[in-house]
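A.B. asks: Mind having a look at this structure? Questions to follow.
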Amino acid sequence: MHTDLDELLRSLRVWDPAVTELPGFDPATAPSTPLPLFARWFAQAVAAGEREPHTMSLATSDMEGHPDVRIVMLHGADASGWFFATHAGSRKGRHLAAHPHAALAFYWPALGRQVRVRGRRDRAP
């Protein structure tokens, strides 16, 4: 099967307002800490029928500083941070050991919403 990628991409909708309403967001109205807002939006994603709302992209840097990204599952979140699991000897484990900063991104198409988190990682006990 031969497909023309450009033609296929042009055929797809781009946040069509008839299908997905992009909610407004005013940072001035956000709580002083991100967790309550994240928890509310996460609950809305679940209620909207997102199949895997706990799926997130994890971005790290390799030993030379080149970016890398993969999909992981959120295991929890509280005032001390967002939690996911990895093996220390895995590629992402080695990246996190070399460069202890990472970024997470959640995307919930049913809500037209995304959440980005970035910061220093700490190893859980």
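A.B. asks: With each label point set 7 Å from Cα along the Cα-Cβ vector, what nm distance links Ala30 and Leu5?
C.D. replies: Each label point lies 7 Å from its Cα, and together they span 3.3 nm.
A.B. asks: Got a number for carbon plus sulfur as a percent of the chain's accessible area, 1.4 Å probe?
C.D. replies: C and S atoms contribute 56 percent here.
A.B. asks: Distance between Cα centroids, the range 1-75 to the range 105-125: provide it in whole Å.
C.D. replies: About 8 Å separates the Cα centre of the range 1-75 from the one of the range 105-125.
A.B. asks: Based on Cβ point charges of +1 for Lys and Arg and -1 for Asp and Glu, what charge dipole magnitude is obtained for the chain about its Cα centre, in debye rounded to the nearest 20? List each step's numbers first, then the result.
C.D. replies: Details: 14 positive and 13 negative charges, 103 e Å.
The dipole of the chain has a size of about 500 debye.
A.B. asks: Moving on. Show me, bin by bin at 10 Å from 0, the whole-percent P(r) of the range 34-124 based on Cα pairs.
C.D. replies: With a bin width of 10 Å, the distribution comes to 16, 49, 27, 8, 0.
A.B. asks: With an 8 Å cut-off on Cα pairs and a minimum separation of 6 or more residues, tell me the relative contact order of the range 67-109 in percent. Can you show the working numbers first?
C.D. replies: Details: 21 pairs, mean separation 8.4, N = 43.
In percent, rounded to a whole number, it is 19.
A.B. asks: If you average the sequence gap of Cα pairs under 8 Å that are 6 or more apart and divide by the length of the chain, what percent do you get for the contact order?
C.D. replies: Rounded, it is 25 percent for the chain.
The values are calculated or read from the model by the stated rules, or taken from the named source; none is laboratory data. Values in this document were obtained by computation on a predicted structure and should not be read as measured data. Ideal geometry is used to build each Cβ from the backbone, glycine not excepted, and the neighbour counts take in all protein chains shown. To get the accessible areas, we keep the full protein, side chains included, count just its heavy atoms, and leave off ligands, DNA and RNA. Shrake-Rupley method; radii C 1.70, N 1.55, O 1.52, S 1.80 Å.
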